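The values are calculated or read from the model by the stated rules, or taken from the named source; none is laboratory data. These figures come from a predicted structure and were not determined experimentally. Ideal geometry is used to build each Cβ from the backbone, glycine not excepted, and the neighbour counts take in all protein chains shown.
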Amino acid sequence: MAVLTTEQSTQDGAPIELFRFVGTYTTYYRTSAPESITNTEATWVANAIKRSEFEEGTQEDDDLTIDIEMPASDQMVTDYCINVPPPGLALQILRVHRNDMNDALTLWDGEVVSWTIKGRTAKCRVPSLFSYIFNKPLPRIKYQGPCNHVLGDRFCKVDMTTVDNNQDTTISTIVDNVVTIADTSVFADDECVGGSMIAASEQRMIVSNTGTSFTLASPFSPNVAALDAVSVRRGCNHQLTNGGHCIDRYSNGSNYGGFPYVPTRNPFQTRL
């Protein structure tokens, strides 16, 4: 029996909600049912999870949002809230009935945009996919002195995989956002500031490096551990002149993406 037919019948008055969180690193299956649920897709783990009421809207409504609450001890909260990894967690809420656990009706589809923790409860905000897309800031070139390009992208054109810019090694230790590599670093202290460390398809920005110790902007997920392969890439200060790495380090001035001679004084705020 189709789920919509069951919804309109009197045979089953207890629908079950399933919460599928699709993350950058793994997919989490949760249900608000009193016991775990298994269907052909996965086992949906019972969790004290609840949601706010749905708001109905049209394509002209760009602020449709729900809140999801769950125990702060949930592994997903540890992976995506406490450790602050890059964004990438989508939520689909499904409704099924016990007579056919594989026939699901989609109730909500959105992106997790923020987390808060209060006591033992974690809450995430999930705008609808339509609201998320249309409210998402669009990247644009800024009229500024520093280079607008991402180091190594198709505009910058620096090859970050060469031996001068990349070191392949393994991880020795990980403590929060500090990673120690096994081999002696080929880079000088702080030469990798603004660069990146890549492991298990995860990439983190390097904010400082001394010897074999590298401090990252945010920790790796639990999927990355000691003895894993890792690539370390040096950074760039996105400057053209006065010690700018674009020329001094990469000899890449022809691809500079900034406006280095913009006046530092604003004529609308002070006299020239």
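Structure summary
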read-out: Breaking point among (1) out of contact with any Pro (no Cβ under 7 Å at 6 or more places or on another chain); (2) within 27 Å of Pro260 (Cα to Cα); (3) touching a residue at least 24 places away in the same chain (Cβ under 8 Å), for Leu240; value: (1)
read-out: Count - residues of the range 221-262 that are within 28 Å of Lys157 (Cβ to Cβ) and in a loop (DSSP other than H, G, I, E, B); value: 22
read-out: Odd one out for Gly244 among (1) surrounded by 18 or more Cβ atoms within 10 Å (Cβ to Cβ); (2) of a type in the set (Gly, Ala, Ser); (3) within 17 Å of Val179 (Cα to Cα); value: (3)
read-out: Pairs where the first residue, in the range 62-77, is exposed (fewer than 14 other Cβ atoms within 10 Å of the Cβ) and the second is of a type in the set (Val, Ile, Thr) and in a strand (DSSP E or B), C-beta under 8 Å, 6+ apart; value: Pro71/Thr121
read-out: Any hit, the range 107-117, residues being within 27 Å of Pro71 (Cβ to Cβ), in a loop (DSSP other than H, G, I, E, B), modelled with pLDDT under 90 and under 17 Å from the mean Cα position of the chain (by Cα); value: yes
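The rows are residues; the columns are (1) modelled with pLDDT under 90; (2) outside any loop (DSSP other than H, G, I, E, B); (3) closer than 21 Å to Leu129 by Cβ.
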position: Asp12; (1), (2), (3): yes, no, no
position: Phe19; (1), (2), (3): no, yes, yes
position: Val22; (1), (2), (3): no, yes, yes
position: Tyr28; (1), (2), (3): no, yes, yes
position: Val45; (1), (2), (3): no, yes, no
